[in-house]
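The values are calculated or read from the model by the stated rules, or taken from the named source; none is laboratory data. On a predicted model such as this, the values are computed, not experimentally measured, just so you know. Neighbour counts are summed over all protein chains in view; Cβ atoms, including those assigned to glycine, are modelled from backbone coordinates with ideal geometry. Surface areas here come from the heavy atoms of the whole protein model, side chains and all, with no ligands, DNA or RNA. Shrake-Rupley method; radii C 1.70, N 1.55, O 1.52, S 1.80 Å.
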Amino acid sequence: MNFTNTLAIAIKAIFTNKVRSALTMLGVIIGVSSVVMLISLGKGLEAFVVQSFEDLGSNNIYITPGNLFSEEGGFSSIQNSALRAKSFSFDKTDVKELRRLRQYVEKVAYYNAQSDTIRFLTNTKQTSIIGSNADYNQVLITSLNKGRWFTNSEDENGERVVVLGHEVADELFGKVDPLSKKVRIGAVTFTVVGVAEKKGGGFGGPSFDNVIYIPFETLSRIYNTNDIMDMTVKSRGDIEIADAITAVEANMLKRYKDDEFSAYDQTEILNVIQDILSMITITLGGIAAISLLVGGIGIMNIMLVSVTERTKEIGLRKALGATPNQILIQFLIEAAFLSILGGVIGLGLAFVGSLAVQPIFPAKVTIESVLLAFGVSTAVGLIFGAAPASRASRLSPIEALRYE
Amino acid sequence: MKKKANKMANSQPVLKLDNVCKSYQLGTQLIRALECIDFTINEGEFVAVIGPSGSGKSTFLQVASMLAEPSQGKIFLKGQDVTSYNEVQRARLRNQEIGFIFQQFNLLARTSALDNVALPLVYAGVEMSERHQRAESLLKKVGLGDRLKNKPNELSGGQQQRVAIARALINDPSIIFADEPTGNLDSKTNKEVMGLLQQLHKDGRTIILVTHELNLAKTAQRIITLRDGQLLAEYKPPYKFKD
């Protein structure tokens, strides 16, 4: 008996009990769709994060106070990094020193941040204020929707000009054009010179659009601080970024201890984030796999019932010439077919589900998750079908024929 | 289909049981279902095995048809010693050399008459088109040419048994075992089925009929009687029986 015949017998047996087969497959359908869906959400999130980092520019070196990375890889503990970050900040001497590394450094962006209320006529909004230098938008690529960024001289002179984040502009001005309008930040009046492009939210976290940008010097004067919270160095395009990081670190080490600052590029932080997201994806997939296990047990249960119900049929087939192996393969194919069909349907559901959530979440069905689902559902069928199939193959034809 | 003259009934032995016994363990008790018996059936012969319930008829059929292994003795099929055949070899032997007709028909429910008849050919590795062609031809021969697509529950008892007979013939077996083939039939269909068996015998088929009905057994060329697992006597026509 060839495989096609065995497959045909198995399919016929499955379609003989349509409702039962459908209910049996349900466990695998739910299991596979959950695994694929969660993996696709995880992968989509990972891809989104990678893209977001790439959008920031690939030649950037980020310098932050405190030791961001632990010795073992990954981020250092929150307490450790937060304490360091609180104890240390940078100042304009650091900017000056870094700018001297002309061989490696093209531009240096820096900022300090405060929080305050911004007002236009009767409209008010609590917002984050980024006080940055003029190079900030070129290094960290903050595209403008309208108007312009502030200039070097506006920064140096501490002029009261502001670039509004998209959300701030929207809420304060509505349909009115904000350019050249006067707003009050705290007690000080500013002129709007630009509006940033919409950046979107951060997966339910604070919006990147509820922010305003003013010159660093202006912020220093109003809030009476010269501290720099973070610096970003744009390295020259003609040198290796690793060499630039080494140079920047050597420069910083002249003024700070090793654990008082971190200098890293996006790949370093991206690797850590990817590791974390992969762990989350695996964990979620693992939890979903439990339902696949339950689905497999369902298949085994039904196959055992099926073997008992069809004992006489098995006896007849054996009497008419079926070998134990042919019976074993018939029932194994039946279990595997149920499971694979469930897997394919589950995969289809996961695909549709991923498409459905794409407007709000960057889900992405990968070929790996498809192969995984297909492989796992086949394995589930074969593993959980093995015991019932083996039982069927070992039945004595005489006993089986006598079975009522 | 084999076309052999009935006169060949005394030619080559098809099946030979040489001092064959069958016993099995039931808890701590050893049940001797078949005492050591000798039995031979020649090509084209029609033999009936009769006896009351518990006489060992079923055990005889199971051992002789390769469904069960003997505890002792030797079995020869067409001169070949098949006693020590393993499970796979026995399955192939049943498929190629033996045809079964059961009391309960044993047809696959939800499967057409055509596919039921063709079932042994599936395990013989025959292509589907040939399977259907041969099954159709046999169903026509047993008078069911118009019921090819009908499922067992759409057929009468007599028709179902005729499907089973066609199935028994599909692989052109050396020997046909009919186990109480009319046990589930009324008197009219009983006659039809027995008529069919006699026709097969006339066509040169070797048949072993297991029954507890003396009247049916009398249609055979030879009758052997079993009691308590022992071969009690052997009769040839004209039959004269004591109680």
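Based on the Cβ-Cβ distance from A:Glu156 to A:Arg236, what FRET efficiency comes out when R0 is 35 Å, to the nearest 0.05? Provide the component values of the computation, followed by the final result.
On the way: r = 24 Å, r/R0 = 0.70.
Computed FRET efficiency for A:Glu156 and A:Arg236 comes out at 0.90.
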Would you mind checking the tilt of helix B:113-123 against the longest principal axis of the Cα atoms of chain B, expressed as 0 to 90 degrees and rounded to 10?
60
On a 0 to 90 degree scale, rounded to 10, what angle separates helix A:241-253 from the longest Cα axis of chain A?
50
One finds the C-alpha centres of the stretch A:356-404 and the stretch A:145-173 to be spaced, in Å, by 61
Cα centroid separation, the stretch B:34-81 to the stretch A:22-67 (Å):
70
Where in the stretch A:1-45 does accessible area fall by at least 30 Å² between the isolated chain and the complete protein assembly, at a 1.4 Å probe radius?
A:Met1, A:Asn5, A:Lys12, A:Thr16
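Which of rounded, prolate, oblate describes the stretch A:116-233, given a ≥ b ≥ c as roots of the alpha-carbon gyration tensor eigenvalues and a/c under 1.5 marking rounded, otherwise prolate only if a/b is larger than b/c?
Numbers: a/c = 1.41, a/b = 1.15, b/c = 1.22.
Verdict is rounded for the stretch A:116-233.
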With all protein chains in place and a 1.4 Å probe, B:Lys188 shows an accessible area in Å² (nearest 10) of 140
Need the list of lysines near A:Lys175 for cross-linking: C-alpha distance under 29 angstrom, and skip anything on the same chain fewer than eight residues off.
A:Lys125, A:Lys146, A:Lys198, A:Lys199
For the stretch B:68-140, which trypsin sites (Lys or Arg not before Pro) are in a loop by DSSP, counting at most 14 other Cβ atoms within 10 Å?
B:Lys78, B:Arg110
Would you mind checking the stretch A:305-327 for residues with the amide N under 13 Å from a putative spin-label position 7 Å along Cα→C-beta of A:Ala8?
none
Neighbouring partner chain Cβ atoms per residue of B:90-102, average, 10 Å criterion:
3
Distance cut-off 21 Å, Cα to Cα: go down the list A:Lys92/A:Lys234; B:Lys141/B:Lys188; A:Lys312/B:Lys141; B:Lys188/B:Lys218 and report the pairs above it.
A:Lys312/B:Lys141
In percent, what relative contact order does chain B have, based on Cα pairs under 8 Å that are 6 or more apart in sequence?
29
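Can you classify the stretch A:107-160 as rounded, prolate or oblate using the Cα gyration tensor, where a ≥ b ≥ c are the square roots of its eigenvalues, rounded means a/c under 1.5, and otherwise it's prolate if a/b beats b/c and oblate if not?
prolate
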Could you order A:Asp259, B:Asp203 by accessible surface area, starting with the largest, using a probe radius of 1.4 Å?
A:Asp259, B:Asp203
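Rounded to the nearest 0.05, what FRET efficiency do A:Lys257 and A:Val188 have when you use their Cβ-Cβ distance and R0 = 51 Å?
0.85
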Helix A:3-16: angle to the longest alpha-carbon principal axis of chain A, degrees 0 to 90, nearest 10?
90
By its C-alpha gyration tensor, with a ≥ b ≥ c as the square roots of the eigenvalues, how is the stretch B:124-186 shaped: rounded for a/c under 1.5, else prolate for a/b larger than b/c, else oblate?
oblate
What is the spin-label model distance, in nm, from A:Gln103 to A:Arg148 if the labels are put 7 Å beyond Cα along the C-beta direction?
3.7
Relative contact order in percent for the stretch A:91-220 (Cα pairs under 8 Å, 6+ apart) equals 30
Got the relative contact order for chain A handy, in percent, Cα pairs under 8 Å and 6 or more residues apart?
29
